[in-house]
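Below you'll find the structure, written out as structure tokens, and then a few comments.
The values are calculated or read from the model by the stated rules, or taken from the named source; none is laboratory data. Note that the structure is a prediction, hence the values are computed from the model and not measured. A quick note on method: Cβ atoms are made from the backbone with ideal geometry, for glycine too, and the neighbour counts reach across all protein chains shown. What goes into the accessible areas is simple: the full protein's heavy atoms, side chains included, and nothing from ligands, DNA or RNA. Shrake-Rupley method; radii C 1.70, N 1.55, O 1.52, S 1.80 Å.
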Amino acid sequence: MLVGILGGVSGGLSGCLGRSDSETTRTDPIDPSIGDAPMYQCDPLNTGHQPETIGPTDGTEQWAFDAGGAVRSSPAVERGIVYFGSDDTLYAIDASDGVPLWWFETVGAVHSSPAVVDGTVYVGTRGNRLYAVDALDGTERWVFETNGSIDASPTVEDGVVYAASQATAGRVYAIDATEGTERWHFETDYRIRSSPAVADGVYVGGWDSAVYAIEETDGTERWRVGTDQPVLSSPAVGNTIYIGANDGYLYALAPETGDERWRFETGGIATTPAVADAVYVGSEASDGGLYAVDPEAGIERWSVDTEVAVTTAATVADAVYVGLDDGGVVALETGSGTERWRFDARETIKSAPTVVDGTVYVGSNDGRLYAIGTDD
């Protein structure tokens, strides 16, 4: 592993930041008031809901940081710093101006989204590792080796990191957040790319066409529910477990028993849902589609024809924000689906948008992390 403290601005669409062993320090402070999106889909329940956050009004690029490789990792933002991964590197970037603060070299590419809790960044890699890194200076606190690659984003709750692996026999791990030691692991019949949701139990989808509920305390199975195809989406938890599947359905399951309350057809692979006043879910069909679904009745409130596949989970703040296969990031009115604005990156968006204090942070397969704000 290699850690660098970097100086210099990478604004607009400038060239790739060169890596160097030389170290410089910044004299200007970051703004610690910026942030409240510490992990994938905002919280341990994977709701994707930021109720007190206002996004930009017109979708103007504020800055872009060139990571030199596809950015599939959804950014976390905490205390003025944006954390995300690209290729074999975890980055920390000043949220206000895109200046790099430090970078940490990992074993294996970082597709996982970071989780930032109590001054530590937790992130998984395709090199079969979960890292804990100091949030301020990027030094390694511990590394935990898993039985397979980790594309799923870790979830941190009550001093435990929950992470899932993509080995032939998938595993959900519960790891002590301070020590990096295993408390338990739960094994499934095949790979896991779903990020666990934690709410009086651990919920996760499996490539073996099942949704699992696992006891937090000891990792024993509470229940499992079969689907017709793999479940690569992550669950979102309200009073119900909402999860999309490759069979095209959004499922609503009872947390205690796994009993199906309803299912909603999206017409294509159903993305990870977000839960607020409605359940927002996209379709990865070639002609796409974004749906707002009543959380109790499972009926459509509105839908939007996106014309291309929806490729990320939605984030819900004052609007619904989602990434598209053609490189678009769109903001839609929560009540109607009316488009508020659209931002176009150069390539597919696989990184779910993160909305913090009037700015949307999102990565693109064009190798850039974008900060999208309002034209002043």
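Annotations for the structure displayed:
- Options Asp287, Asp218, Asp200, Asp176: the member that is under 30 Å from Asp134 (Cα atoms), at pLDDT below 95 and either open to solvent by less than 30 Å² (accessible area, probe 1.4 Å) or of a type outside the set (Ser, Thr, Tyr) (or both): Asp200
- Restricting attention to region 175-200, the residues that are under 14 Å from Ala213 (Cα atoms) and of a type outside the set (D, E, K, R) total 10.
- The set of residues in region 317-338 that are more than 21 Å from Gln62 (Cα to Cα) and part of a strand (DSSP E or B) contains only Glu333.
- Only one of the numbered conditions (1) outside any strand (DSSP E or B); (2) closer than 12 Å to Ser351 by Cβ is not met by Gly85, and that is (1).
- Filter result (in contact (Cβ under 8 Å) with a residue 60 or more places away in the chain and either among the acidic types (Asp, Glu) or surrounded by fewer than 20 Cβ atoms within 10 Å (Cβ to Cβ) (or both)) within region 144-173: Glu157
- Matching residues in region 221-240 - criterion: being modelled with pLDDT of 95 or more, surrounded by fewer than 18 Cβ atoms within 10 Å (Cβ to Cβ) and polar (S, T, N, Q): Gln229
- Just one of (1) buried (at least 22 other Cβ atoms within 10 Å of the Cβ); (2) farther than 29 Å from Val202 by Cα fails for Gly323. It is (2).
- Some residue of region 339-350 being at pLDDT 95 or above, touching a strand residue (DSSP E or B) at 6+ places or on another chain (Cβ under 7 Å), outside any strand (DSSP E or B) and buried (at least 23 other Cβ atoms within 10 Å of the Cβ): yes
- Looking only at region 50-108, residues that are closer than 23 Å to Asn365 by Cβ, open to solvent by 10 Å² or more (accessible area, probe 1.4 Å) and without any contact (Cβ under 8 Å) to a residue 40 or more places away in the chain come to 2 in all.
- The residues of region 127-153 that are in contact with a Gly (Cβ under 6 Å, 6 or more places away or on another chain), closer than 24 Å to Ile81 by Cα and part of a loop (DSSP other than H, G, I, E, B), listed by number, are Ala135, Ile150.
- Every listed requirement among (1) farther than 21 Å from Asp118 by Cα; (2) more than 19 Å from the chain's Cα centre (by Cα) is met by Thr178 save one, (1).
- Unmet requirement for Thr47, which otherwise passes all of (1) surrounded by fewer than 24 Cβ atoms within 10 Å (Cβ to Cβ); (2) more than 12 Å from the chain's Cα centre (by Cα); (3) in a loop (DSSP other than H, G, I, E, B): (2)
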